[in-house]
Amino acid sequence: MARRDKVRHVAEFTMFDVVYEDGARSSNRKVPSAELAGFDGDAVAKPYIEAQDRKIAEMSGRPPNPIKSVTRSRARSSS
């Protein structure tokens, strides 16, 4: 029996910190790096995270919090 080659998919993500209008904070939200590759750059992250929040809110039955700001998370040091 021949061995089947395993295909490994590696998805690269960029991490963002989100601050909501009520003062709540969410750290290390994942956005696929492929989404950020266009002309808009990081501007695409906010609508992407808002879409994630809408989906979560729909499943939980609570309204989503409005986002105040989205910034890239600081890179972790590998020490």
The condition of being at pLDDT 90 or above, loosely packed, with under 13 Cβ neighbours inside 10 Å and out of contact with any Cys (no Cβ under 7 Å at 6 or more places or on another chain) holds, among Ser26, Ser78, Ser73, Ser69, only for Ser69
Across the range 32-50, what is the number of residues that are surrounded by fewer than 11 Cβ atoms within 10 Å (Cβ to Cβ) and farther than 17 Å from Asp17 by Cβ? 3
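The values are calculated or read from the model by the stated rules, or taken from the named source; none is laboratory data. All figures in this text were calculated on a predicted structure; none of them were measured in a lab. In this analysis, Cβ positions are derived from the backbone assuming ideal geometry, glycine residues included, and neighbour counts consider all displayed protein chains.
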